[in-house]
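Where a number appears in this text, it was derived from the coordinates with a stated rule and is not lab data. All values derive from a computational prediction rather than experimental measurement. Methodologically, a virtual Cβ is constructed for each residue, glycine included, from the backbone with ideal geometry; neighbour enumeration extends over all protein chains shown.
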């Protein structure tokens with residue numbers, strides 16, 4: 001009897017110790033996640049709070065909240081540069097290149113993932129190989145080609161370059177997602193007399209909406225923030241993108257940090273809206289290719 005009570009007491013102590021370790025581990029994990037969250041949100045806080053301060057207020061209170069929020073810095077940022085023209089150019093480049101790249105990627109991913117033909121594996125391997133080539137390696141040959149074609153400082157040259165750079169990643173992501181679509185759906189559509197194009201339009205695209213939205217979001221963020229290609233291939237001032245303009249804006253107002261932060265805040269808002277619209281599909285699209293349907 002005494003042995004049984006001793007064993008029961010030892011088991012209870014072991015269970016309590018296990019609970020304490022689990023509680024400590026949970027608190028530690030949440031603390032680490034909270035630290036990463038604060039580190040990720042701090043630049044946004046600094047940008048917004050600085051944009052609502054005067055230069056004198058910022059000099060005496062760099063990290064704190066503004067004593068009295070002001071909007072004069074935002075007005076100065078708008079009047080101090082061609083922000084709306086840069087914004088329009090960025091919207092044109094982003095919308096055109098993302099739409100073209102997504103459409104081509106979807107058309108390419110459909111046969112690579114769902115149609116039974118022998119070269120598909122080799123083409124997919126080629127797509128993956130193209131993903132590892134950094135864009136900076138392509139700058140010199142692309143510049144020579146664009147100059148020879150007399151397309152320097154034009155919308156179409158940069159849109160084509162952006163589309164080509166984004167196409168391998170977009171195709172790879174859509175192939176991973178389309179591969180999870182049950183083949184029984186395609187066979188049923190074929191039995192019902194649907195053509196290949198009708199199957200793609202009525203079955204594959206609706207089911208692939210999360211991955212397509214993910215591709216659009218990722219591509220839009222990259223094109224919007226891209227600077228190198230825009231600087232090299234858009235040498236006319238009237239064609240500058242927002243990020244290039246803000247880079248020059250920063251050098252002009254480097255002493256007046258609130259104005260620089262106001263300009264950056266204006267440039268952040270469009271992509272923040274894109275992410276908020278697409279975030280419902282973002283995680284689903286990223287993780288969907290992990291499990292075969």
_Cβ-Cβ distance below 7 Å, separation of 6 or more or different chains: which pairs start in the stretch 90-113 with a residue that is in contact (Cβ under 8 Å) with a residue 12 or more places away in the chain and end on one that is outside any helix (DSSP H, G or I)?_
90/241; 93/241; 113/179
*How many of the residues making up the stretch 144-154 are surrounded by 15 or more Cβ atoms within 10 Å (Cβ to Cβ) and assigned to a helix (DSSP H, G or I)?*
1
*Are any residues in the stretch 162-214 out of contact with any helix residue (DSSP H, G or I) (no Cβ under 6 Å at 6 or more places or on another chain) and within 30 Å of residue 240 (Cα to Cα), and if so, which ones?*
164, 212
*What number of residues within the stretch 171-180 satisfy the criterion of being surrounded by fewer than 17 Cβ atoms within 10 Å (Cβ to Cβ) and not in a loop (DSSP other than H, G, I, E, B)?*
0
*asked:* Given the criteria more than 25 Å from residue 93 (Cβ to Cβ) and in a helix (DSSP H, G or I), does residue 168 qualify?
replied: no
